[in-house]
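This report refers to the structure that appears directly beneath it.
Every number here is computed from the coordinates shown, using simple stated rules; none is lab data. Computed from a prediction, not measured in an experiment: that's the story for all the values here. Note that we place each Cβ from the backbone using ideal geometry, even for glycine, and neighbour counts take in every protein chain shown.
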Amino acid sequence: MAVLGIFLALGLLIFLAYKGFSVVVMAPVCALVAVLLSGMSILPSYTEIFLPNLANYLKVYFPFFLLGAIFGKAMEESGAAKAIAKAIVNKLGKERAVLAVVLSCAILTYGGISLFVVAFAVYPFAASVFKEADIPKRLLPVTIALGAFTFTMDAFPGTPQIQNSIPMKFYNTDLYAAPVVGIIATIIILCGGLAYIEWRKRTAQAKGEGYGTGHKNEPEFDENEALPSFGMSLLPLVSVLIVTLVLQKVVFPNWNIASWATQAPYNMAEGGITGTMNNWALIIGLLVGSILACLSNPKTMKVTIPKAINLGAIGSFLAILNTSSEVGFGNVIKSLPAFKSIANALIGINSNGSPLLSEAVAVNVLSGTTGSASGGMSIVLDMFGERYMAWAAATGTSPELLHRVASMASGGMDTLPHNGAVITLLAITGLTHKQAYRDIFFITVLKTGTCFIMIFLQSFLHFV
């Protein structure tokens, strides 16, 4: 009955999230359903397990969500995100419309802008070039998803997206962990995704299907809108990457803080100092990027800086509370006696080999279940991170591989129909699941499969 209660709670959370209920409210409710069916006490489980774990996640990751959201909003309000998208789309033109949209999204997300801001910024120009090239509009969401939700989110080394930063705390790694694995995976995902979309485009056009008419939410934009130059717009993105890289690879490795950071009042765990300092590097990088984004169009930002900061802050609150609630949910489930058998089954995958396969399966399952890449990965690493590290040490597996596999796996099955990013993307483009989700699901399968392909290749080629 207790094990059934766990699966009932998971299923209920998926159903309620898909129906549009707030995860902030429903995660503790569903967790307490599992607690009730397991015979444990409800209120202590809420106040002593759920809330402390929610608070701990907020403590560690709140700066990333806050600064990332403000950075994205500053890029949006200054017109820098639009300027980059417009320049790339205009340069490549209708002949390479799909590639233009993918590259626009990829550059913006790799520079640290949130997936949602990217979708809003790119959509007007993407719709325009698709219409000009007479490509079916139903292929627009999958094209944006390929550029924004896949390789630049968690595979390509150095991406400052939250899905690539979460593992740093658990494995004492940096954003550039396992670069060879990440680059090869990026090539597979990008080439495979482009080939699929081009095939779908040619098939549709051969049947006489074009962009279509009567679509909802068709974009309206001013061609003469005053936007910053391409170079000025690109500077904030580049600054995030360069500042983070220099701090993580050059400055912080030569700064020994253990002698005082492990003492009062900081009381940092010595084994976690590297991961924490790498977190600091990303915080500083996002802060510098936000300042430069505001300076990219001073005339406009003089008026809209308060709006960018306020809306960015408000947006970050909901995002991190959603993920924190999912982490609290996962920790309540982890505390249940019945979970031990489920944990043993997950940990038992490939028990005689490296922990990579077990980690990939667990993160995929939880990310798919919660509909959140960051939420699913956080739950798994919070539950099993220390065990995976010990397992990796026993088998000679690099913590960098644990980092990269966890990141890539989080962006696999998370894009099921109830995923917030998928729902938002379809709303932005004015399309429905029935019209466009089939193609998005292919990218989900491609991304998930690539993670397991890399584990297989690494098992005998031994690259990192």
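In sequence order, the stretch 59-64 has phi-based couplings of 4, 7, 10, 4, x, 5 Hz under the Karplus curve 6.51 cos²θ - 1.76 cosθ + 1.60, θ = phi - 60°, and Gly or Pro positions carry x. Charge tally for Thr300 (other residues, Cβ to Cβ under 12 Å; Lys, Arg +1; Asp, Glu -1): +1. Across the stretch 2-461, C-alpha contacts under 8 Å between residues 6 or more apart give a mean separation that, scaled by the residue count, equals a relative contact order of 25 percent.
Ignoring lysines fewer than eight residues from Lys299 along the same chain, the ones with Cα atoms less than 18 angstrom from its Cα are Lys73, Lys82, Lys307. Relative contact order for the stretch 83-126: 45 percent, from Cα pairs under 8 Å spaced at least 6 residues apart, divided by residue count. Annotated for the stretch 127-220: lysine pairs at least 8 residues apart or interchain, Cα distance under 26 Å, count 8.
Rounded to the nearest 500, the 222 nm mean residue ellipticity of the chain from helices alone is -24500 deg cm²/dmol, with -39,500 (n - 2.57) taken per DSSP H run of at least 4 residues.
Please compute the contact order of the stretch 317-464 in relative form: average sequence separation of alpha-carbon pairs under 8 Å and at least six residues apart, divided by the residue count, as a percent. That works out to 24 percent.
What the phi angles of the stretch 198-204 give under the Karplus curve with 6.51, -1.76 and 1.60, with θ = phi - 60°, is a coupling list of 5, 5, 5, 5, 5, 4, 5 Hz, glycine and proline written as x.
Placing +1 on the Cβ of every Lys and Arg and -1 on the Cβ of every Asp and Glu, with nothing else charged, gives the chain a dipole about its Cα centre of roughly 560 debye.
Each residue of the stretch 283-289 was assigned a 3J(HN,Hα) from its phi angle through the Karplus curve 6.51 cos²θ - 1.76 cosθ + 1.60 (θ = phi - 60°); the sequence is 4, 5, x, 5, 5, 4, x Hz, with glycine and proline shown as x.
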